[in-house]
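Have a look at the structure below, then the notes.
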Amino acid sequence: MFRTTTCLLALLLAARAAAADDGASITADEDAKPVRRTRDASVGRIFKGPFPSSRLYTMPTADVVGAYVMSVSAESSLLQDTGVLTSAGVLAIGFGDIAQLEYRHTSAISITGINAPVPTAGVQVKLPLPDSLPPLGIAFRLGVPRTETFGDTDVVETVTDVYAVTRLRARGFALHAGLRLSQAKIELTRAMELARERRLALPTGGFEVAMNPTAKLVGEVSLAPRFAWMPGSIKEPEIGYGMLGRLGMRWRILPSIVLDGSIGYQLDVATNAPVQGPGAIVQWDIRLGAEVFVPWGALACRAAGVFCD
């Protein structure tokens, strides 16, 4: 606990240090316009952006990545179990300013108690609402089965989501709120044939605080599906939920490249957990990640005259 508190204090001190640039004004990416896709646009101007992100850490936002832009993001964490490395990522391709196709790892806690994200493929849409109303994003993610093997038993976990999220934004600050409706399924195959399926309503929330034009303090809290089964047991598997929290810094080192560093908290509130409440902490972890934006439409226009405005 002492090491975790020290890391949190270090993050907050870094955020305050980033805010010491008194001469810099804080602006939001949404207030600027990307370059038009024309044959005479320079490569430097094309990669200058701006490039809005469609996520916090694991939580999506009401935004999409933008017309003819591809976003690739990934993060990794070395957890308390020595040698266990988990990773997650998002691949999003924007078509127009209201939709993106995506392949992402959605949050879920495996039977081992580790936040091991489950792959999904889907689409996210930013509804064309008037500027006077908060933006609203709707996403559908079709779960891709994830298989883990324990002895002579295969454990297959699948999560399919419908997600709605909105945002309130003031100068230098944004508050995000969403609801995730999940259809979670766990199947045991080979040595035994057992299955369990459950629908879950999972609220999420997050915030961003701009410390200067290139650095943000970012936090999120969400509920996630929690799969529970003891390898070797003849009992049916169970599906509950767990709470995941994350706090960290996001640093835009270049207009098209963002680095992330965060500390995560996991609380196990699964249906069969022997301990509930704050005493049921599963683990803390530290994650490092990055997001890279590729304006492929503007590059294709400049090189071959296609996808131009």
Pull up the cross-link candidates among the lysines for LYS126, meaning alpha carbon to alpha carbon under 27 Å and not fewer than 8 places away within one chain.
-> LYS33, LYS48, LYS216
From a point 7 Å beyond the Cα of TYR103 in the direction of its Cβ, which residues of region 124-153 have a backbone N at a distance under 18 Å?
-> 124, 140-147
Theoretical FRET efficiency, 1/(1+(r/R0)^6), r = Cβ-Cβ of ASP309 and VAL144, R0 35 Å, to 0.05 | 0.50
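Readers should treat all values here as calculations from the given coordinates under stated rules, not as data from a laboratory. Everything numeric in this text was worked out from a predicted model, so none of it was measured. FYI the Cβ positions are ideal-geometry reconstructions off the backbone, even for glycines, and counts take in every protein chain you see.
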